[in-house]
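Below: one structure, written as structure tokens.
The values are calculated or read from the model by the stated rules, or taken from the named source; none is laboratory data. The shown structure was predicted, so the numbers you read here are calculated from the model rather than taken from an experiment. Every residue, glycine among them, receives a Cβ derived from its backbone with ideal geometry; neighbour counts consider all protein chains shown.
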Amino acid sequence: MKVFITGASSGLGAALAAHYATSGASLGLVARRGDSLGKLAGRLNVPCAIYTADVGDTAEMARIAHDYCSDHGVPDIVIANAGVSSGTLGGDPEDLAVLERILRTNVLGLAATLAPFAAPMRERGSGTLAGIASVAGIRGLPGSGAYCASKSAAITWLESLRLELAGSGVRVATVCPGYVNTPMTSVNRFPMPFMIGADDAARRIARAIDRGARYTVVPWQMRIVAAVLGLAPAWAYDRAFARAPRKPRKLPL
């Protein structure tokens, strides 16, 4: 099996790489931090093709996908995991640059990762394109407008892709984690219910991909939270979350 993963140098991406390596899969790994990526590949006892790139660079991601398919064959699974997060305020013009960067990575980068593999997988008649979205994409949270918007857009884009590829043999999986213990969540200074470790999250996500899930929320407790959030009327949601704790602003991206 061949698995291609972005954002693989740390956190959930590294955990996904390690999980698939234990199954003997050969890996294609992408991240901005080439040194960390190289160290990870050195610890995994499987063939690893590593690429240092920003997923928001669409031309570079297209080149990497072409090179990977030419050198190693079309992957069985592609996981668009790379993402960034920062607290933002929608009414502060200074945060527009952060909004642009988050959307570029979390939405354009996700699309730039998956799109180049769609045609080769369709031609073969099999494969899975998986995108890591978030429960945060279900409703807007105060102080996290950019991140919530990016994950909402990811969910919708993946759903459209799934419909476009229906009947082709290519599966599209939308994965919405809740809180996962990674460097991204380590800056949060508020309670994070039902948090799970990155290794645990990777196992659950891999199981969902293996069983062909179109849309999944991990852990299972957050499925209930996600359902309630999605159904809550605006007045009730506003009352419950207007004073919710906020993520720190202007983190390095």
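Pairs linking a residue in segment 49-61 that is under 15 Å from residue 116 (Cα atoms) to a residue that is polar (S, T, N, Q) and part of a strand (DSSP E or B), with Cβ atoms under 7 Å and 6 or more positions apart or on different chains, are 55/6.
Could you tell me whether residue 16 is crowded, with 18+ Cβ neighbours inside 10 Å, among the aliphatic types (A, V, I, L, M), under 23 Å from residue 179 (Cβ atoms) and touching a Pro at 6+ places or on another chain (Cβ under 9 Å)? So residue 16 does not fit the description; no.
In segment 159-171, the residues that are of a type in the set (Lys, Arg) reach residues that are assigned to a loop (DSSP other than H, G, I, E, B) with C-beta atoms within less than 7 angstrom, at least six apart or across chains, in these pairs: 162/214; 171/212. Can you tell me which residues in segment 18-32 are farther than 19 Å from residue 71 by Cα, more than 17 Å from the chain's Cα centre (by Cα) and not in a helix (DSSP H, G or I)? Of everything in segment 18-32, just one residue is farther than 19 Å from residue 71 by Cα, more than 17 Å from the chain's Cα centre (by Cα) and not in a helix (DSSP H, G or I), namely 23.
Evaluated against (1) more than 17 Å from the chain's Cα centre (by Cα); (2) of a type in the set (Lys, Arg); (3) exposed (fewer than 13 other Cβ atoms within 10 Å of the Cβ), residue 214 falls short on exactly one condition, (1). Applying the set (1) hydroxyl-bearing (Ser, Thr, Tyr); (2) crowded, with 18+ Cβ neighbours inside 10 Å; (3) in a helix (DSSP H, G or I); (4) in contact (Cβ under 8 Å) with a residue 40 or more places away in the chain to residue 152 leaves exactly one unmet item: (4). Counting only residues that are of a type in the set (Ser, Thr, Tyr) and surrounded by 17 or more Cβ atoms within 10 Å (Cβ to Cβ), segment 19-51 holds 3 of them. Mind listing just one residue for me: the one in segment 1-13 that is in a loop (DSSP other than H, G, I, E, B) and polar (S, T, N, Q) and, of those, surrounded by the fewest Cβ atoms within 10 Å (Cβ to Cβ)? Ranking the qualifying residues of segment 1-13, first place goes to 10. One residue stands out in segment 182-222 among those that are touching a Cys at 6+ places or on another chain (Cβ under 9 Å) and farther than 20 Å from residue 8 by Cα: the one that is modelled with the lowest pLDDT, namely 222.
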